[in-house]
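I have placed the structure first, in the form of structure tokens, so that the comments after it can refer back to it.
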């Protein structure tokens, strides 16, 4: 399902959570000879929506109206939300043995 959230995104304030600096990520991986690269499968869809925000994701079909219970792609702050969660989950490992850029991990 592809949903256009242009109007919702215009109405939402931007989450200013910073993405990691690419230079720091590159520097953090230099000097290592073996790498594993992971792409979190449907990572955004693993994050539950706050119940009061579910109705904001409503979409209409000819048979019924639906809304997301998990965070869909296309929301303005989805990347920042996901990065914040990954930073929290891996806080003791980032810079030591893992680097994370949104849904990419190595």
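The values are calculated or read from the model by the stated rules, or taken from the named source; none is laboratory data. All figures in this text were calculated on a predicted structure; none of them were measured in a lab. Because the Cβ atoms are built from the backbone with ideal geometry, glycine has one as well, and the counts that use them run over all protein chains shown.
Residue count for the stretch 5-17, restricted to those that are surrounded by 10 or more Cβ atoms within 10 Å (Cβ to Cβ) and part of a loop (DSSP other than H, G, I, E, B): 4. For the stretch 41-61, filtering for residues that are free of Cβ contacts under 8 Å to residues at least 24 places away in the same chain, under 17 Å from residue 75 (Cα atoms) and part of a loop (DSSP other than H, G, I, E, B) leaves 4.
Taking every residue in the stretch 84-98 that is within 17 Å of residue 24 (Cα to Cα) and pairing it with any residue that is at pLDDT 95 or above and assigned to a helix (DSSP H, G or I), at least 6 positions away or on another chain, the pairs with Cβ-Cβ distances below 7 Å are 94/87.
Going through the stretch 19-40 one residue at a time, which ones are assigned to a loop (DSSP other than H, G, I, E, B) and either at positive phi or touching a residue at least 60 places away in the same chain (Cβ under 8 Å) (or both)? 19, 20, 31, 35, 36, 37, 40, listed by residue number.
Scanning the stretch 70-94 for residues that are farther than 15 Å from residue 2 by Cα and touching a strand residue (DSSP E or B) at 6+ places or on another chain (Cβ under 7 Å) yields 86, 87, 90, 94. Has the stretch 18-27 got any residue that is surrounded by 11 or more Cβ atoms within 10 Å (Cβ to Cβ), modelled with pLDDT of 85 or more and within 17 Å of residue 75 (Cα to Cα)? Within the stretch 18-27, one or more residues are surrounded by 11 or more Cβ atoms within 10 Å (Cβ to Cβ), modelled with pLDDT of 85 or more and within 17 Å of residue 75 (Cα to Cα). Answer with yes or no whether residue 41 is exposed (fewer than 13 other Cβ atoms within 10 Å of the Cβ), within 17 Å of the chain's Cα centre (by Cα) and within 30 Å of residue 7 (Cβ to Cβ). Spelling it out, residue 41 is indeed exposed (fewer than 13 other Cβ atoms within 10 Å of the Cβ), within 17 Å of the chain's Cα centre (by Cα) and within 30 Å of residue 7 (Cβ to Cβ). Scoring residue 70 on the criteria (1) surrounded by 15 or more Cβ atoms within 10 Å (Cβ to Cβ); (2) touching a helix residue (DSSP H, G or I) at 6+ places or on another chain (Cβ under 8 Å); (3) modelled with pLDDT of 95 or more leaves a single failure, condition (1).
Has the stretch 38-48 got at least one residue that is out of contact with any helix residue (DSSP H, G or I) (no Cβ under 8 Å at 6 or more places or on another chain) and at pLDDT 95 or above? Yes - at least one qualifying residue is present in the stretch 38-48.
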